[in-house]
1. For the chain, give the share of DSSP beta bridges that are antiparallel, in percent and rounded to the nearest 5; count only bridges with both residues there.
2. Counting Lys and Arg as +1 and Asp and Glu as -1, what is the net charge of the other residues whose Cβ lies under 13 Å from the Cβ of TRP33?
3. What part of the accessible area of the chain, given as a whole %, is carbon or sulfur when the probe is 1.4 angstrom?
4. What is the diffusion coefficient of the range 61-179 in µm²/s, taking the Kirkwood radius over Cα pairs and the Stokes-Einstein relation at 4 °C with a viscosity of 1.567 mPa s?
5. Quick check: convex hull of the Cα atoms in the range 109-175, volume per residue, rounded to a whole Å³?
6. Ranked from highest to lowest mean number of other Cβ atoms within 10 Å per residue, what is the order of the peptides 62-70, 123-131?
7. Counting helices only, and only those DSSP H runs with n ≥ 4, report the 222 nm mean residue ellipticity of the chain as the sum of -39,500 (n - 2.57) divided by its residues, in deg cm²/dmol to the nearest 500.
8. Rounded to whole Hz and in sequence order, give me ³J(HN,Hα) for the range 54-66 from the Karplus expression 6.51 cos²θ - 1.76 cosθ + 1.60, θ = phi - 60°, writing x for Gly and Pro.
Amino acid sequence: VIEQLCQAIGLQPPVAVQLSPEVNASVHFAGGWRGFRSGEKVLTIGMPLVAGLTVQQFVGVLAHEFGHFAQRLGMRSSFLINQVNAWLEARGHTRDAWDDRLEEWMERDLWFPIPLGLRLGMFGIEVSRRLMRAGFWLSFRLSRSLSRQMEFDADRYEVLISGSGVFRQTSLRLRTLSH
């Protein structure tokens with residue numbers, strides 16, 4: 001079914017299909033950056049979808065995911081944005097070895113100007129973390145519209161393959177399966 005659907009849409013099939021216990025399906029680049037360069041994608045299918053949807057609904061969900069396959073530039077942009085967002089979030093919210101090192105030095109009985117310099121360094125780290133958090137917040141907010149548009153476009157593929165009535169039924173069924 002996957003190969004026939006990809007052929008009908010005019011896309012390369014995924015290099016792998018993974019199964020998941022989640023009520024979801026998704027597509028991502030195979031091997032992270034390697035897949036980003038090669039364009040190879042992996043399809044993940046939640047087993048509750050297989051068990052809980054009709055064949056027509058399930059094929060529609062697959063068409064939705066293959067709609068993401070067709071979004072070559074959008075998927076690449078989304079991948080890059082997510083990588084930048086993850087980096088900004090980690091830098092903005094995670095302590096590192098410098099935090100521990102500066103706190104350890106502050107506990108020592110040091111000559112007067114040294115603790116002042118250490119406090120200045122700690123202040124600089126906190127300011128840079130706040131800038132990273134602000135950058136993450138801004139990037140996350142700005143990239144939400146790209147994600148929303150990508151989902152609408154993928155929904156269009158689902159509707160084209162399964163029809164608007166089945167699309168509506170599938171949307172309701174997915175909510176039921178999630179609960």
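The values are calculated or read from the model by the stated rules, or taken from the named source; none is laboratory data. Nothing here was measured: the structure is a model prediction, and the numbers come from that model. Don't worry about glycine lacking a Cβ; one is built from the backbone with ideal geometry, like all the others, and counts go over all protein chains shown. For accessibility, only protein heavy atoms count, side chains too; no ligands or nucleic acids. Shrake-Rupley method; radii C 1.70, N 1.55, O 1.52, S 1.80 Å.
1. The antiparallel fraction comes to roughly 50 percent.
2. Values: positive: ARG34, ARG37, ARG76; negative: GLU40.
Within the 13 Å Cβ shell, the charges total +2.
3. Here it works out to 59 percent.
4. Values: Rh = 18.2 Å.
It diffuses with D of about 71 µm²/s by this estimate.
5. Dividing the Cα hull volume of the range 109-175 by its residues yields 113 Å³.
6. Values: 62-70: 21.9, 123-131: 12.1.
Per-residue Cβ counts within 10 Å, averaged per peptide and sorted highest first, yield 62-70, 123-131.
7. -25000 deg cm²/dmol
8. 6, 4, 5, 5, 5, 4, x, 5, 4, 4, 4, 5, 6
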